[in-house]
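Let me begin by presenting the structure, written as structure tokens, before commenting on it.
Laboratory data are not the source of any read-out in this text; all were calculated from the coordinates shown. Bear in mind the structure is a predicted one, so any value in this text is a computation, not a measurement. Glycine also receives a Cβ, built like all others from the backbone with ideal geometry; neighbour counts cover every protein chain displayed.
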Amino acid sequence: MSTAPHTSLTAHVMPIDIGEHVLRSGFIGPQPVLALADGQVVFVKEDGLTRIHPHGDAAILVAHIQHDLVLTGGEDGRVIRSQPDGSSSELGHEKGRWIDALTASPTGAMAWSTGKHITARDSKGEIRKREAPSTVQGLAFLPKGYRLAYSHYNGASLWFPNSEATPDSLEWKGSHIDISTSPDGRFVVTSMQENTLHGWRLSDKKDMRMSGYPAKIRSLSWSHDGEWLATSGAEAAVIWPFKDKDGPMGKPPRECGVRPAKITQVAFHPNALVLAIGYEDNCILLCRLTDAAELLVRVPVKGQGSITALSWDKTGKRMVFGTSEGAAGLLTLP
Amino acid sequence: MSEKIPVTVLTGYLGAGKTTLLNRILTEPHGKKFAVVVNEFGEVGIDNDLVVGADEEVFEMNNGCICCTVRGDLIRIIEGLMRRKGRFDGIIVETTGLADPAPVAQTFFVDQDVAEKTRLDAVVTVVDAKWLGERLKDAPEARNQIAFADVIILNKIDLVSPDELAAVEAQIRAINPYATLHRTERSAVSLDAVLGRNAFDLDRILDIEPDFLEPGHHHHHSAEIGSVSITVPGDINPEKFMPWINEFTQTHGPDILRCKGILSFMNEPKRFVFQGVHMILDGDLQRDWKPDELRQSKMVFIGRKLDRAMIEKAVEATRA
Ligand SMILES: [Zn+2]
């Protein structure tokens, strides 16, 4: 890997001193936001950091950051929305339980789960609850309509919270962890305990198995055009083609960013076929799908942990990241 | 390696004194902090800052084998706990009286992320001296918990006569002659008997000596679960032994709860040690054989329906 100036963006990265495991990152407009495992939400502003503790002493376990929404779920069983002015409001409280999963839709619907219990909250604040067959591990809204996908043991389910109908079930033996829906709503993909991905084409529930990973796949990112799904879990970003009717079936994935370190985070640029790749040694590369050209964003630093959060702003001009050892930074593209 | 957080698994029947032992561990002045994972029925009366409720969800791995199981909820809990280092020095996982300890133990070997950050220290089983006899008759899980244990706390000894105590110890030893056994009243045991055991650490497998209460007692009539220990003088041929032990644990995995061995391999100055849980085997070369040490191989299998004659014959065939 070259670190010659013309292939490096390292000079355009502003370090942010965070000090705790960064669980998730995102932007509120141009402003980076980081949710930390120790319970803090940090708004990165022009004139410094605003740190708030919406969960008191309790840890944040899950977080979702998008557009104008910063949502966190904690060890205290609370689901809390935080604002850049430092205020926060409680949206849910599951007493004595951990919040295991959390998501939100672009239109402001939200969902969280604790054990088998799922709570869906529509954009008007109407709450619906449901019990899954086993602990819910991942939640994701489908892009259209108020429909929630959730992963659990032996499959996933699709639920219309406003309907009395039994959720549609997608079956596949084993423990399904994270879940993601394709931007066109045609596919649902889960990561599994056995270092594989499983997918379903919703039109006919046809199964897709995507295997060959040496580690669990804990980061999934769809390209802006919905044609590619980038995944962590290997020493290269593995990118599956989803353009065709039958998705990636029978097609080899693309690989980019090959390095002797496992990839822990992937994030597609919001309007170009450029993938940001974060590694277990806290290195970050940008990789262009069209010609596999690579740009260095961050040189690995010993002792700073793995990349645990990586996200672009809406315009694709800025990217924020964080590590398991509390390092963080903001890339502004030149 | 040494930075991994130790995990102690606490099993035992309801009412045996598990919660009392847990509170002793938590409140004695040892200066250590623990994260405690309790089952959903056990949250009452635990005196600790960091208590997590667990659902005890057992997941089968996708190889179709009934013994290859993990605790799905535990994987998620440990992931959450380990993001905030420095809050605790160890983790204690309490299971319900009905739980099989194997999925808990296997989680620490099967899940890569869990194995990277934590290590299983020991399985500690608390049993009630007065009621164990009854439990062994009607509850297969009570038998499992004893068979699986590294440390057995034989509690409430003040409620039984010396004869009854001897009988219950014999029952325990018929199932598991290798666990360290402590006789207690109100779960009063020194904490180093329970914590820091390194029971799954190959470097700590120093010797394998069964602790039979009295000669003869280890052939207890009702023992469907029992142990087979084998001592072979001289050397073993690793090229014969390794394929056999792999094949044996793969085929009989569901019936082998625990195994352990110290082996003398031919042309090998170091001792080979192994230990296993069901089908999961871990083995490595350890220290050198000492000049005055008798080169022999010892191994023990604890499990169900173990065929002693068959195992003896198979091991005999691997001799150098
Ligand atoms: Zn098995």
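Can you give the Rg to Rh ratio of the stretch A:138-259, both from alpha-carbon atoms, with Rh computed by the Kirkwood formula? Before the final figure, lay out the partial values.
Numbers: Rg = 13.8 Å, Rh = 14.5 Å.
When Rh is taken as the Kirkwood radius, the ratio is 0.96.
Normalised by 2.2 N^0.38 Å, with N the number of residues, the alpha-carbon radius of gyration of the stretch A:1-159 equals 1.15. If only the Cβ of Lys and Arg carry +1 and only the Cβ of Asp and Glu carry -1, the dipole of chain B around its Cα centre is close to 380 debye.
Based on alpha-carbon atoms only, what is the radius of gyration of the protein assembly as shown relative to the globular estimate 2.2 N^0.38 Å?
Details: Rg = 27.0 Å, N = 654, 2.2 N^0.38 = 25.8 Å.
Expressed relative to 2.2 N^0.38 Å, the Cα Rg reads 1.04.
Evaluate the relative contact order of chain B (contact order divided by residue number), counting alpha-carbon pairs under 8 angstrom at least 6 apart; express in whole percent. Can you show the working numbers first?
Working: 642 pairs, mean separation 54.2, N = 320.
Relative contact order, chain B: 17 percent.
Past the 22 Å Cα-Cα mark, which pairs from A:LYS144/A:LYS317; B:LYS18/B:LYS130; A:LYS206/A:LYS251; A:LYS144/A:LYS314; A:LYS216/A:LYS243?
Details: A:LYS144/A:LYS317 27 Å; B:LYS18/B:LYS130 15 Å; A:LYS206/A:LYS251 16 Å; A:LYS144/A:LYS314 20 Å; A:LYS216/A:LYS243 24 Å.
From the list (A:LYS144/A:LYS317; B:LYS18/B:LYS130; A:LYS206/A:LYS251; A:LYS144/A:LYS314; A:LYS216/A:LYS243), the Cα-Cα distance tops 22 Å for A:LYS144/A:LYS317; A:LYS216/A:LYS243.
Over chain A, all Cα pairs binned in 10 Å intervals from 0 give whole-percent P(r) values of 6, 27, 36, 25, 7, 0, listed from short to long. Any idea what log10 I(q)/I(0) is at q = 0.26 Å⁻¹ for the stretch A:80-153, Debye with uniform C-alpha scatterers and no solvent? Rounded to two decimals, the profile gives -1.28. By the Cβ distance rule of under 4.7 Å, chain B has these cysteines without a partner: B:CYS67, B:CYS259. Here the residues B:CYS65, A:CYS256, ranked from fewest to most Cβ neighbours within 10 Å of their Cβ, fall in the order B:CYS65, A:CYS256. Given +1 at the Cβ of Lys and Arg, -1 at the Cβ of Asp and Glu and no other charges, the dipole of the stretch B:216-316 around its Cα centre is 220 debye to the nearest 20. Charge tally around A:ALA58: other residues with Cβ under 15 Å, Lys/Arg +1 each, Asp/Glu -1 each, net -3.
The coefficient of translational diffusion for the stretch B:216-316, derived via Stokes-Einstein from the alpha carbon Kirkwood radius under 10 °C and 1.306 mPa s, stands at 112 µm²/s.
Note on chain A: with a GNM built from Cα contacts shorter than 10 Å, the maximum mean-square fluctuation among A:GLY96, A:GLY316, A:GLY155 falls on A:GLY96. Averaged over the residues of B:55-62, the number of partner chain Cβ atoms lying within 10 Å of the residue Cβ comes to 5. Based on DSSP H segments of at least four residues, each scored -39500 (n - 2.57), the protein assembly as shown has a per-residue ellipticity at 222 nm of -4000 deg cm²/dmol. Summary value for chain A: 14 percent relative contact order, contacts being C-alpha pairs under 8 angstrom separated by 6+ residues.
Ellipsoid fit via the Cα gyration tensor, the stretch B:147-306: semi-axes of 30, 18, 15 Å, each the root of five times an eigenvalue, largest first.
Determine the dipole magnitude for the stretch A:234-334: charges of +1 sit on the beta-carbon of Lys and Arg, -1 on that of Asp and Glu, nothing else is charged, the reference point is the Cα centre, and the result goes in debye to the nearest 20. Could you put the intermediate results ahead of the total?
Numbers: 12 positive and 10 negative charges, 50 e Å.
The calculation lands at about 240 debye.
No disulfide-compatible partner, judged by a Cβ distance under 4.7 Å, exists for the following cysteines of chain A: A:CYS283. Of the residues A:GLN40, A:GLN31, A:GLN66, the one that moves most in a GNM of chain A with alpha-carbon contacts below 10 Å is A:GLN31.
Ratio of the stretch B:5-201's C-alpha Rg to 2.2 N^0.38 Å, to two decimals?
Working it through for the stretch B:5-201, the quotient is 0.99.
Taking chain B as a Gaussian network, Cα atoms linked when under 10 Å apart, which of B:ALA105, B:ALA35, B:ALA179 shows the biggest mean-square fluctuation? Highest fluctuation of the listed residues: B:ALA35.
Below 8 Å, C-alpha to C-alpha, sequence gap of six or more: please give me the relative contact order for the stretch B:216-316 in percent.
38 percent
Straight-line reach from A:LYS129: taking Cα to Cα under 19 Å and skipping same-chain neighbours fewer than 8 places apart, the lysines in range are A:LYS95, A:LYS116.
Of all beta bridges that DSSP places with both ends in chain B, some 50 percent have antiparallel geometry. Most simply put, the protein assembly as shown has about 80% antiparallel DSSP beta bridges, counting only bridges with both residues inside it. The amide H of B:ALA320, built 1.01 Å from its N in the peptide plane, has B:ASP235, B:ILE236, B:ASN237 as neighbours under 5 Å, considering only residues 5 or more places off or on other chains.
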